[in-house]
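Presented below is the structure to which this report refers.
The values are calculated or read from the model by the stated rules, or taken from the named source; none is laboratory data. Treat the numbers as computed from the prediction; the structure is a model and nothing was measured. Cβ placement follows ideal geometry from the backbone for every residue including glycine, while neighbour counts extend to all protein chains displayed.
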Amino acid sequence: MQAFWHALPKPFFILAPLAGVTDPAFRRLIAKHGKPHAMWTEFTSADGLCAPGRDRLLRDLVYAESERPIVAQLFGAKPDMMERAAALVAELGFDGIDINMGCPDRSVEKRGGGAALCKRPALAQAMIRAAKRGAGGLPVSAKIRLGHDRNELAIWLPALLEAEPVAITIHARTRQEMSQVPAHWDAIAQAVDIRNRLGAPAYIVGNGDVTDLADARRKVRATGADGIMLGRAIFGNPWLFDERRALADIPPAEKLRVLLEHTRLFEALLGDIKSLDTMKKHYKAYLKGFDGAKALFLQLMEARDVNEVERRVRACPILRRSPWAAIGPLPGRTAQSVGPRPAGP
């Protein structure tokens, strides 16, 4: 069952999983203001989902119908745990499962997951096959890097394609390079060529340093990739996937209104388990390029709760000069549980 992948337009543009960023609140905001063709959750530990006390992890997998197609990204290095976690994801009603094979975080690599799988192609194959067994027909994909210490696509990619994932997203850097060098988009073209020579059906998705949809389209034309995954460009720009709107054209007052909307969603969905400090990296991204932005940012860094954020934003001269009615009342906190079809405000 690969239904959603095969229904995507070509080329397609999808939201990357960003740890500590693409949480349920931000995804819901993006789905409203600039819906991508598909969305990924933050990566979640397969081992953790199979352990007692998993309730907090499950909160990261809350989603709304507006986010579909929605893919749960998992990480781990134990095929039996991946199989069990994939079965849980299927029960939760997700549209697909993605396995993270590119995260450079040392704590993840120590346990054999993330980018450590670049060095163990046989285990990476086993992880894909295990997810497919547990997924009950859901499509299984993988997100990888070019290799661990150097570009090893010539060996690494064919091994993965043997396990028949529906798609492979390639962050066009090695693990060693982290994000400290420009992405190697010539390697995405190399990956497409390898896929084509092998006659594999998997979609190839490029990722790395994509600034907007126009840039994504240029990279598709240059590489032959089937689609592009955009990540860091989403900071401060939930309109990223709306081709009708450019960030430079968004009025400062609208950015402030969306900043508050984002804050309220965070409080409603995650405020009982995560600190408001999580939002502060988003504030820096929203507050760029207009008079008074720096002063407001410094004030928001000192805010202790959502009500204080609202008071300080409402006092901003730019917003006081614009209609306020669109903001609406502050919602109460809700502790959502994850079910077969999680729903929300």
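Within segment 198-242, how many residues turn out to be among the aromatic types (F, W, Y) and over 24 Å from G20 (Cα atoms)?
Qualifying residue count for the region: 1.
A quick yes/no check of all residues on (1) surrounded by fewer than 21 Cβ atoms within 10 Å (Cβ to Cβ); (2) touching a residue at least 40 places away in the same chain (Cβ under 8 Å); (3) part of a loop (DSSP other than H, G, I, E, B):
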| position | (1), (2), (3) |
| --- | --- |
| G20 | yes, yes, yes |
| A25 | no, yes, no |
| D80 | yes, yes, no |
| A86 | no, yes, no |
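Which condition breaks for M39 when tested against (1) touching a residue at least 12 places away in the same chain (Cβ under 8 Å); (2) part of a loop (DSSP other than H, G, I, E, B)?
Evaluating M39 over (1) touching a residue at least 12 places away in the same chain (Cβ under 8 Å); (2) part of a loop (DSSP other than H, G, I, E, B) leaves (2) as the failure.
Kindly list, by first and then second residue, each pair from a residue in segment 93-108 that is within 16 Å of R133 (Cα to Cα) and assigned to a helix (DSSP H, G or I) to a residue that is modelled with pLDDT of 95 or more and among the small types (G, A, S), limited to pairs with Cβ atoms under 8 Å and residues at least 6 apart or on different chains.
Between residues of segment 93-108 that are within 16 Å of R133 (Cα to Cα) and assigned to a helix (DSSP H, G or I) and residues that are modelled with pLDDT of 95 or more and among the small types (G, A, S), there is no close pair.
When the residues of segment 203-218 are filtered to those that are without any contact (Cβ under 8 Å) to a residue 60 or more places away in the chain, on the phi < 0 side of the Ramachandran plot and crowded, with 22+ Cβ neighbours inside 10 Å, which remaining residue is farthest from the chain's Cα centre (by Cα)?
I204
Among the residues that make up segment 44-59, is at least one of them farther than 22 Å from G112 by Cβ, assigned by TED's automatic domain parsing to the domain that holds V205 and aliphatic (A, V, I, L, M)?
yes
Under 7 Å between Cβ atoms, which residue pairs at least 6 apart in sequence (or on different chains) link something in segment 233-246 that is modelled with pLDDT of 95 or more with a partner that is assigned to a loop (DSSP other than H, G, I, E, B) and hydrophobic (A, V, I, L, M, F, W, C)?
Pairs found: A233/V210; A233/L240; I234/L240; W239/I250.
Within segment 266-283, which residues are within 19 Å of the chain's Cα centre (by Cα) and in a helix (DSSP H, G or I)?
F266, L269, L270, T278, M279, K280, K281, H282, Y283
Residue-by-condition table, conditions (1) β-branched (V, I, T); (2) more than 30 Å from L92 (Cα to Cα); (3) modelled with pLDDT under 95:
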site	(1), (2), (3)
H262	no, no, no
T278	yes, no, yes
P329	no, yes, yes
P342	no, no, yes
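Keeping to segment 53-77, report how many residues are of a type in the set (S, T, Y) and either over 21 Å from W5 (Cβ atoms) or assigned to a loop (DSSP other than H, G, I, E, B) (or both).
1
Among D98, D55, D105, which is modelled with pLDDT under 95, farther than 23 Å from L269 by Cα and of a type in the set (D, E, K, R)?
Going through D98, D55, D105 in turn, just one is modelled with pLDDT under 95, farther than 23 Å from L269 by Cα and of a type in the set (D, E, K, R): D105.
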